[in-house]
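What follows is a short report on a single structure.
The values are calculated or read from the model by the stated rules, or taken from the named source; none is laboratory data. Computed from a prediction, not measured in an experiment: that's the story for all the values here. Glycine gets a Cβ as well: all are built from the backbone with ideal geometry, and neighbour counts include every protein chain shown. Accessible surface is based on the protein model in full, side chains and every heavy atom, while ligands, DNA and RNA are left aside. Shrake-Rupley method; radii C 1.70, N 1.55, O 1.52, S 1.80 Å.
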Amino acid sequence: MVKNTFYITTPIYYPSGKLHIGNSYTTIACDTMARFQRLMGKDVFFLTGSDEHGLKIQQKANKFHISPKSYVDLMAEDIKKLWQLLDISYDKFIRTTDKEHKAILQKVFERWLEQGDIYLGEYVGWYSVADEEYFTQTQLIEVFYDKNGKVIGGIAPSGHEVKQIKEESYFFRMSKYVDRLLQYYKDHPDFIQPVSRKNEMINNFINPGLEDLAVSRRTFTWGVSVLSNPKHMIYVWIDALLNYISALGYASLDDSLFKKYWPADIHVVGKEIIRFHAIYWPILLMSLDLPLPKKIFGHGWLLMKDAKMSKSKGNVVYSEVLVKRYGLDALRYYLLREVSFGSDGIFTPEGFLDRLNGELANDLGNLLNRVIAMINKYFAGKVPDFANEVTAFDKDLAKTAKEVIDTYHMAMEGIEFSVALEAIWHLIRRANKYIDETSPWILAKDKIKIKELAAVMVHLAESLRVIATLLQPIMPKTTEKITYQLGLSKDALQLKNLRFGQFSKGAVVVKKGDPIFPRLDVKSEIAYIFKQINTGKEKELQMD
Ligand code: MSP
């Protein structure tokens with residue numbers, strides 16, 4: 001039996017500060033995919049959440065003079081509010097402080113101890129608090145020496161300072177599974193995407209020799225302790241990765257969700273954490289005799305000019321600011337259109353406004369406005385019945401629509417949102433051109449041309465229905481607005497069996513369509529966005 005479920009996850013985000021459009025980017029992409037799969041008839045489980053343990057969180061809470069638990073409670077609420085604002089259709093929000101998650105993590109850790117996959121040893125290494133990660137000396141981008149040439153510190157690849165730490169620690173025998181992992185990569189060429197990231201994993205981390213991983217710490221107290229040795233806290237990355245199965249109730253009394261949805265169809269993560277997902281996570285799963293996720297997708301970064309957008313650099317844009325001023329779908333559109341999903345992309349206010357004015361207000365907004373106005377003017381709002389190939393231009397419009405639908409499906413299945421959107425805009429532009437080619441205002445002057453005029457109107461309405469249907473997973477609110485203006489019900493949009501030429505009989509369009517994307521004054525809006533970025537910067541600096 002073919003599995004009809006689709007399990008998709010975002011990374012669980014650190015609530016060490018307010019989330020920005022970088023995190024929104026991943027979550028919106030996953031939401032789009034989840035919506036797409038649901039519309040294609042899949043039984044989807046979409047998981048997101050927050051990664052709430054560790055030293056960084058503990059320190060942040062101290063700074064605000066509240067307990068870590070109170071701090072993460074506040075932050076988790078904030079994140080949920082953001083996802084509500086962005087219309088994120090998640091099925092579950094997991095927190096690593098959830099009682100169920102902690103119990104499962106502890107139980108699994110004990111199993112690893114019993115199996116001998118985890119042993120007690122001593123760790124000597126360089127730790128970056130900001131990254132919550134240990135580095136070997138060779139991984140440091142800069143090493144500090146004292147006057148006798150002894151190494152006393154250094155800088156992690158992220159630019160953060162590291163400190164030497166020596167401690168008793170549990171280790172996971174990663175080396176035991178490395179051959180199986182390599183074989184798995186070979187047998188499943190699509191496991192890591194984009195493919196270039198797989199080579200990175202093999203060349204940078206596996207070939208040099210995969211060391212056993214220190215999986216417990218005594219340097220922090222805000223975490224989940226090892227059941228049989230509570231002085232030790234479980235390393236935050238083990239805690240975090242386990243969320244993907246604990247959220248489904250793995251190894252708990254009710255594991256029905258786990259049975260139904262595991263293995264995940266896709267874990268979507270930013271490229272900086274692909275190593276944890278493509279190396280450690282599969283090994284952890286192998287040691288539990290569980291099937292591996294089907295795909296790990298490491299997407300690119302959203303950059304500000306040359307630097308990654310990040311709270312510590314203070315060059316951050318917040319989604320709330322853009323959504324409040326320009327609407328949610330402007331943001332969803334921009335993020336998925338501007339950047340090809342595997343690559344890096346640069347956020348610029350100019351680029352954002354260009355797309356809003358050019359593609360949303362002009363191309364799409366005008367098409368809808370013109371069509372609604374003409375159907376009102378020439379047919380008193382009633383959309384004529386569909387007729388095939390009446391004017392000389394109908395055939396080409398229908399052919400374009402067919403090609404666009406095909407390209408769109410391939411692109412969406414292949415996680416290429418920008419390609420899918422490009423295809424939709426190809427149809428939008430083709431429909432606008434069709435208006436110029438058929439010149440309805442000339443046809444309207446001639447009574448004999450009424451049939452042609454009717455065909456033109458319904459071909460345009462049908463193009464808009466197809467466009468609205470294709471946009472549904474990406475910009476659900478815009479789809480609703482277009483559908484409403486066309487006088488259609490939601491049932492008229494069936495993504496799964498979408499074909500050109502199915503426009504509902506008897507639809508009546510609205511009397512007057514409101515512009516769905518108003519044109520903006522670029523100069524003043526650029527100034528507005530820059531001001532918001534700078535205000536954000538001041539706020540962040542004050543907090544740090
Ligand atoms: N808590 C870990 C993930 C554990 S998953 C088992 C973590 N959290 S995080 O808050 O730092 O979020 C990182 C993720 O946020 C990235 O992997 C990426 O998906 C997203 N992004 C954060 N900043 C981003 C950009 N500037 N650009 C694109 N994505 C960004 O790592």
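I'd like to check one number: the per residue accessible area of the chain, probe 1.4 Å, reported in Å² as a whole number.
On a per-residue basis, the chain sits at 43 Å².
Per the 1.4 Å probe, what fraction of the accessible area of the stretch 442-491, in percent, lies on carbon and sulfur atoms?
57 percent
To the nearest 20 debye, what is the magnitude of the charge dipole of the chain about its Cα centre, counting +1 on the Cβ of each Lys and Arg and -1 on the Cβ of each Asp and Glu?
Using only the charged Cβ atoms, the result is roughly 1300 debye.
Mind listing P(r) for the stretch 1-117? All alpha-carbon pairs, 5 Å bins, whole percents.
2, 10, 18, 17, 16, 15, 11, 7, 3, 1, 0, 0
Report Rg(Cα)/(2.2 N^0.38 Å) for the stretch 310-403, keeping two decimals.
1.56
Past 29 Å, Cα to Cα, is the threshold; run LYS80/LYS260; LYS150/LYS271; LYS102/LYS294; LYS107/LYS295 against it and keep the listed order.
Listed pairs above 29 Å: LYS150/LYS271.
Which of ALA468, LEU453, THR96 sits farthest toward the positive end of the charge dipole of the chain, with +1 on the Cβ of Lys and Arg and -1 on the Cβ of Asp and Glu?
Farthest towards the positive end: LEU453.
Output the pairs from LYS92/LYS186; LYS377/LYS402; LYS324/LYS490; LYS382/LYS447; LYS382/LYS512; LYS324/LYS496 with a Cα-Cα distance over 24 Å in this structure; if there are none, say none.
Over 24 Å apart, Cα to Cα: LYS92/LYS186; LYS377/LYS402; LYS324/LYS490; LYS324/LYS496.
Once you have the Kirkwood Rh of the stretch 114-206 from its Cα pairs, apply Stokes-Einstein at 4 °C and 1.567 mPa s and quote D in µm²/s.
Stokes-Einstein gives a translational diffusion coefficient of 82 µm²/s.
Say each of ASP190 and LYS80 gets a label point 7 Å from the Cα, pointing the same way as Cα to Cβ; how far apart are those two points in nm?
According to this spin-label approximation, the distance is 3.6 nm.
Between the stretch 207-273 and the stretch 425-440, what's the alpha-carbon centroid distance in Å?
53 Å
Rounding to the nearest 20 debye, state how big the charge dipole of the stretch 349-519 is about its Cα centre with +1 on each Lys and Arg Cβ and -1 on each Asp and Glu Cβ.
780 debye
Once the whole set of protein chains is in place, how much accessible area is left on MET304, using a 1.4 Å probe, in Å² to the nearest 10?
In the full protein context, MET304 sits at about 30 Å².
Compute the FRET efficiency between GLN502 and ASN199 as 1/(1 + (r/R0)^6), taking r as their Cβ-Cβ distance and R0 = 41 Å, and round to the nearest 0.05.
0.35
Angle between the Cα long axis of helix 450-471 and the longest principal axis of the chain, 0 to 90 degrees, nearest 10?
Between the helix axis and the principal axis of the chain, the angle is about 10 degrees.
What share of all Cα pairs of the chain, in percent, falls into each consecutive 20 Å distance bin?
20, 48, 25, 7, 0
Starting from the Kirkwood radius over alpha-carbon pairs of the stretch 349-519, derive D by Stokes-Einstein at 4 °C in a medium of 1.567 mPa s and give it in µm² s⁻¹.
It diffuses with D of about 80 µm²/s by this estimate.
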